[in-house]
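Student: One structure, pasted below without further comment.
The values are calculated or read from the model by the stated rules, or taken from the named source; none is laboratory data. Quick caveat: nothing in here was measured; it's all calculated off a predicted structure. Note that we place each Cβ from the backbone using ideal geometry, even for glycine, and neighbour counts take in every protein chain shown.
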Amino acid sequence: MQRPPPPEEFALKETAPKIAGSGKFTGNKLTSTYDLVEQMQYLYVRVVKAKDLPPKDVTGSCDPYVEVKLGNYKGITQHFQKRQNPEWDHVFAFSHDRIQASFVEIVVKDKDVVKDDFIGRISFELTEVPKRVPPDSPLAPQWYKLEDKKGDKLRHGEIMLAVWKGTQADECFSDAWHSDAAAVNRDGVSKIRGKVYLSPKLWYVRVNVIECQDLIPTDRNKPVEAHVKVAIGNQTNWTKTSSVKTVNPVWNEDLVFVAAEPFEEALILTVEDRGNKDEVLGKCLLPLHMVQRRWDNKAVQSKWHNLEKHAVVDGEKKEVKFASRIHLRVCLDGGYHVLDESTNYSSDLRPTAKQIWKSSIGILELGIISAKGLLPMKTRDGRGTTDAFCVAKYGNKWVRTRTIIDSFSPCWNEQYTWEVFDPCTVITICAFDNGYLQRANNDLKIGKVRIRLSTLETERVYTHSYPLIALHASGVKKMGEVQLAVRFSCTSYINMLHKYSQPILPKMHYVHPLSMGQTDKLRYHAIQIVSTRLTRAEPPLRREVVEYMLDVASHLWSVRKSKANFFRIVNVASGFVGLIKWFDSICHWKNPLTTLLIHVLFVILILSPELILPTIFLYLFVVGIWRYRRKPRHPPHMDIRLSHADAVSPDELDEEFDPFPTSRNPNVVRMRYDRLRSIGGRIQTVVGDLATQGERFHSLLSWRDPRASALFVTFCLITAIVLYVIPFQVVALLIVFYVLRHPRFRTKLPSMPANFFRRLPSGADSML
């Protein structure tokens, strides 16, 4: 077994960056949209276009391009063939920390096979360059006469430029050529720039296959064992074989799929005869954009659709026209939330249809400042190096910082903003090594951070250095630290507190619930759709990045996770064990004074039973107030002890990193081993859910979620006062009547206490 690492190495550290939002920065502040990161100064040069360039080729034209030189750094624009009035509109950004010159030079050259010809130049003293601070309008470019090498003005040739000093808050920052990427070719610059991505809008496609009429089998003397295959893209489901073995089979089965806008695949239904080697009895194709959309509980009208059949005649495939029909009820269900991540740490709990969205309750701002102590992820020129970037996901918005090349302590200082619709959601931030620069097949994961918004105080800026922890086949390892600044601002405190009483998922999840098997399968397909769409962006957000962010393999069996969940239950149960031990000590008179006081308390409660409940709630109120001064001051982070990653054996790690299905020898062993892992994975999930419920109970008075604890403490006080006033017998009678109420007065939606309890934080947020 590996030696446990020191706990302080993986601890969360509070930092004090020079940012405006923390109130610790006394210099020139950034704008309000960039006050959670440190200010970085840049020199921007915008090369717009040129005109009347003198000819340099024998053809009487030129192939112009522009070089922007600042000390040892040089940026080059694209060159145009045979154009004397080229237009580039390209922006160059030079970091102030790397400037080692007093002037910037813009040189126009003519592209040639042997040696490029000099056309003209213009230079600017850096002390004369103006400053621009957003939200000021962009600096207007101007025409400048080109000069020769001696500094004399040319008779022909002008260039339109804009040169200014700014910060990373400038609109040109994300698309500019940066001096820190001088070694990257022009085509590769886009692969290392920061970008914002949006997940596709996902819908559930609900297909109710009712019946068919007038099927035409090849052999009419045999009974028809018909079933329907329904496919959307790479998703395929089958109905059961109809119990009516005639040409008019009946099924009345529901099949559910996932589809993304814009709908590129069609819904394909194929009626097959299982008793005749799956002979195709007819096909039906339904474009998804023509399918009815719904976002409430209203019934969808069923429709009859004609089936098509093809036959081979003289070697050619021809359509056979016949009167077979299929009866369907199809809709795009937008009343659900299409889960592409675990609900334990979901970043979005809204339904798909915007028509039933509620108003936002706040704003989440994230400043990705820097990282330090990163380990080398690859080798370049015989030495270790890391090209790090970060990805953050909240809701349907993904953000990617720019890649800092060849640095173990990269500084990004980029800030992003999200609307918040539910405080009990989680933002995920991951660090990766960019594989494009090495022409690698994938981006290497460095580490992950998850922050639950409900554990944050509103309007407070949290500045911490989070450990980046990764679990490898050799054991747990700290890959470095990432420094973040987080602020959760609330627009309506009443609406936010009201959210704690609402169902976590949209109404349709409770009115027409999906089975556990359907949910797991649909979540898998949703992840595949999101991954495929984001890999088609430019630059692509690679599949391994998306799957790591969404914890695609979190359901697989692991001895380590099972042990971690077991010890979570033990930790939760330790409070009850302590209570039993305390009561046992009272019974054995280990502290006579305490025992006498308990005797007096029992006598009072027995003589006045109406004081039992108010006394309990008053006690909980006092305990909650007493613990307020010891409430957690820092957001949660990845905990290696809670994850049981600090004392895992090599054999357990080998099993955890063993691919699924396993490749460990004979087929029988493989089948049994995979079955065991599948069953174990479900047990692991159930145990984790039990631990989550217990941890949520503990969090009622822990002030981990300050708003939830405040609500509960206030409820305890009000309940204690009410129960002191109202006789106990009346309260007991009302409770019995409420529990035994008629089904007419019941609803399928969970109760307010259940909704409140399910929104409480748990240790699942800190699990690796």
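Student: Select from the range 267-313 the residues that are farther than 29 Å from PRO513 by Cα and polar (S, T, N, Q) and write down the one among them that is surrounded by the fewest Cβ atoms within 10 Å (Cβ to Cβ).
Tutor: Filtering the range 267-313 for residues farther than 29 Å from PRO513 by Cα gives 272-283, 306-313.
Adding the requirement that they be polar (S, T, N, Q) leaves 276, 306.
On the way: ASN276: 16, ASN306: 12.
Per the stated criteria, the residue is ASN306.
Student: Would you mind finding the one in GLU414, GLU457, GLU481 that is more than 26 Å from ASP180 (Cα to Cα) and of a type in the set (Asp, Glu)? Before the answer, list the steps.
Tutor: Working: GLU414 fails: more than 26 Å from ASP180 (Cα to Cα); GLU481 fails: more than 26 Å from ASP180 (Cα to Cα).
Residue meeting the stated conditions: GLU457.
Student: For the range 12-47, give me each residue that is modelled with pLDDT of 85 or more and of a type in the set (A, V, I, L, M, F, W, C). Give the steps one after another, and end with the answer.
Tutor: Step one: of the range 12-47, the residues modelled with pLDDT of 85 or more are 12-17, 36-47.
If the condition is that a residue be modelled with pLDDT of 85 or more and of a type in the set (A, V, I, L, M, F, W, C), then LEU12, ALA16, LEU36, VAL37, MET40, LEU43, VAL45, VAL47 are the ones that fit.
Student: For VAL648, are the conditions met, namely being more than 27 Å from GLU457 (Cβ to Cβ), of a type outside the set (Ser, Thr, Tyr), surrounded by 12 or more Cβ atoms within 10 Å (Cβ to Cβ) and assigned by TED's automatic domain parsing to the domain that holds VAL713?
Tutor: Working: more than 27 Å from GLU457 (Cβ to Cβ): yes; of a type outside the set (Ser, Thr, Tyr): yes; surrounded by 12 or more Cβ atoms within 10 Å (Cβ to Cβ): yes; assigned by TED's automatic domain parsing to the domain that holds VAL713: yes.
Spelling it out, VAL648 is indeed more than 27 Å from GLU457 (Cβ to Cβ), of a type outside the set (Ser, Thr, Tyr), surrounded by 12 or more Cβ atoms within 10 Å (Cβ to Cβ) and assigned by TED's automatic domain parsing to the domain that holds VAL713.
Student: Which of the residues spanning the range 238-258 are in contact with a helix residue (DSSP H, G or I) (Cβ under 9 Å, 6 or more places away or on another chain) and under 16 Å from ASN208 (Cβ atoms)?
Tutor: Initially, the range 238-258 is screened for residues in contact with a helix residue (DSSP H, G or I) (Cβ under 9 Å, 6 or more places away or on another chain), giving 241, 245, 256-258.
Correct list: VAL256, PHE257.
Student: Select from the range 715-768 the residues that are outside any helix (DSSP H, G or I), exposed (fewer than 11 other Cβ atoms within 10 Å of the Cβ) and β-branched (Val, Ile, Thr) and list them in ascending order.
Tutor: The answer is THR747, and nothing else.
Student: Could you figure out which of (1) among the aliphatic types (A, V, I, L, M); (2) crowded, with 17+ Cβ neighbours inside 10 Å; (3) over 15 Å from ARG46 (Cβ atoms); (4) out of contact with any Lys or Arg (no Cβ under 7 Å at 6 or more places or on another chain) isn't true of ALA93?
Tutor: Of everything listed in (1) among the aliphatic types (A, V, I, L, M); (2) crowded, with 17+ Cβ neighbours inside 10 Å; (3) over 15 Å from ARG46 (Cβ atoms); (4) out of contact with any Lys or Arg (no Cβ under 7 Å at 6 or more places or on another chain), ALA93 misses just condition (3).
Student: Right, something else. Please find, within the range 65-90, the residue that is surrounded by the most Cβ atoms within 10 Å (Cβ to Cβ) out of those that are hydrophobic (A, V, I, L, M, F, W, C) and more than 13 Å from SER179 (Cα to Cα). Show your work before the answer.
Tutor: Taking the range 65-90 as the starting set, the residues that turn out to be hydrophobic (A, V, I, L, M, F, W, C) are 66, 68, 70, 76, 80, 88.
Add one more test, that the residue is more than 13 Å from SER179 (Cα to Cα), and what stays is 66, 80, 88.
Working: VAL66: 25, PHE80: 17, TRP88: 19.
Restricting to residues being hydrophobic (A, V, I, L, M, F, W, C) and more than 13 Å from SER179 (Cα to Cα), the top hit is VAL66.
Student: Of TYR466, TYR416, TYR436, which residue is in contact with a Gly (Cβ under 7 Å, 6 or more places away or on another chain) and either under 20 Å from GLU14 (Cα atoms) or of a type outside the set (Lys, Arg) (or both)? Before the answer, list the steps.
Tutor: Numbers: TYR466 fails: in contact with a Gly (Cβ under 7 Å, 6 or more places away or on another chain); TYR416 fails: in contact with a Gly (Cβ under 7 Å, 6 or more places away or on another chain).
Exactly one of TYR466, TYR416, TYR436 is in contact with a Gly (Cβ under 7 Å, 6 or more places away or on another chain) and either under 20 Å from GLU14 (Cα atoms) or of a type outside the set (Lys, Arg) (or both), namely TYR436.
Student: Only one of (1) in contact with a strand residue (DSSP E or B) (Cβ under 9 Å, 6 or more places away or on another chain); (2) surrounded by fewer than 21 Cβ atoms within 10 Å (Cβ to Cβ); (3) at pLDDT 90 or above fails for ALA388. Which number is that?
Tutor: With respect to (1) in contact with a strand residue (DSSP E or B) (Cβ under 9 Å, 6 or more places away or on another chain); (2) surrounded by fewer than 21 Cβ atoms within 10 Å (Cβ to Cβ); (3) at pLDDT 90 or above, ALA388 is out only on (2).
Student: Restricting attention to strands (runs of 3 or more DSSP E) lying wholly within the range 412-488, give those where 1 or more residues are farther than 23 Å from SER554 by Cβ, touching a residue at least 60 places away in the same chain (Cβ under 8 Å) and touching a Phe, Trp or Tyr at 6+ places or on another chain (Cβ under 9 Å). Before you say what the answer is, go through the steps one by one.
Tutor: On the way: elements: 426-433, 444-452, 461-472.
Ranges flagged: 461-472.
Student: On to the next question. Can we say ILE569 is over 30 Å from VAL207 (Cα atoms), of a type in the set (Val, Ile, Thr), surrounded by fewer than 14 Cβ atoms within 10 Å (Cβ to Cβ) and modelled with pLDDT of 85 or more? Walk me through how you get there before you give the answer.
Tutor: Numbers: over 30 Å from VAL207 (Cα atoms): yes; of a type in the set (Val, Ile, Thr): yes; surrounded by fewer than 14 Cβ atoms within 10 Å (Cβ to Cβ): no; modelled with pLDDT of 85 or more: yes.
For ILE569, the condition - over 30 Å from VAL207 (Cα atoms), of a type in the set (Val, Ile, Thr), surrounded by fewer than 14 Cβ atoms within 10 Å (Cβ to Cβ) and modelled with pLDDT of 85 or more - is not met.
Student: Moving on to the next point. Within the group VAL114, VAL91, which residue is more than 26 Å from SER190 (Cβ to Cβ) and not assigned by TED's automatic domain parsing to the domain that holds TRP412?
Tutor: VAL114
Student: Kindly indicate whether any position in the range 696-708 is in the same structural domain as LYS563 (by TED's automatic domain parsing), crowded, with 17+ Cβ neighbours inside 10 Å, out of contact with any Leu (no Cβ under 9 Å at 6 or more places or on another chain) and not in a helix (DSSP H, G or I).
Tutor: Yes, the conditions are met somewhere in the range 696-708.
Student: Here's another thing I want to ask about it. Got at least one residue in the range 557-573 being touching a Lys or Arg at 6+ places or on another chain (Cβ under 7 Å) and touching a residue at least 60 places away in the same chain (Cβ under 8 Å)?
Tutor: Initial filter on the range 557-573 (touching a Lys or Arg at 6+ places or on another chain (Cβ under 7 Å)): 557.
Pick out the ones that are also touching a residue at least 60 places away in the same chain (Cβ under 8 Å) and you get 557.
Checking the range 557-573: at least one residue is touching a Lys or Arg at 6+ places or on another chain (Cβ under 7 Å) and touching a residue at least 60 places away in the same chain (Cβ under 8 Å).
Student: I'm told ARG630 meets every condition in (1) at pLDDT 85 or above; (2) surrounded by 12 or more Cβ atoms within 10 Å (Cβ to Cβ); (3) not in a helix (DSSP H, G or I) except one. Can you identify the failing condition by its number?
Tutor: (2)
Student: In the range 229-269, what residues are touching a Cys at 6+ places or on another chain (Cβ under 9 Å) and aromatic (Phe, Trp, Tyr)?
Tutor: TRP251
Student: Same structure again: Considering only the range 702-718, I want to know if a residue exists there that is at pLDDT 75 or above and farther than 29 Å from ARG568 by Cα. Can you show your working first?
Tutor: Going residue by residue through the range 702-718, those that are at pLDDT 75 or above are 702-718.
Applying the additional criterion that residues be farther than 29 Å from ARG568 by Cα yields 717-718.
The answer is yes, given that some residue of the range 702-718 is at pLDDT 75 or above and farther than 29 Å from ARG568 by Cα.
Student: Where in the range 499-588 are there helices (runs of 4 or more DSSP H), lying fully within it, with 2 or more residues that are closer than 21 Å to ASP765 by Cβ and of a type in the set (Lys, Arg)? Give the derivation first.
Tutor: Numbers: elements: 508-511, 516-535, 543-549, 559-587.
Helices (runs of 4 or more DSSP H) meeting the threshold: 559-587.
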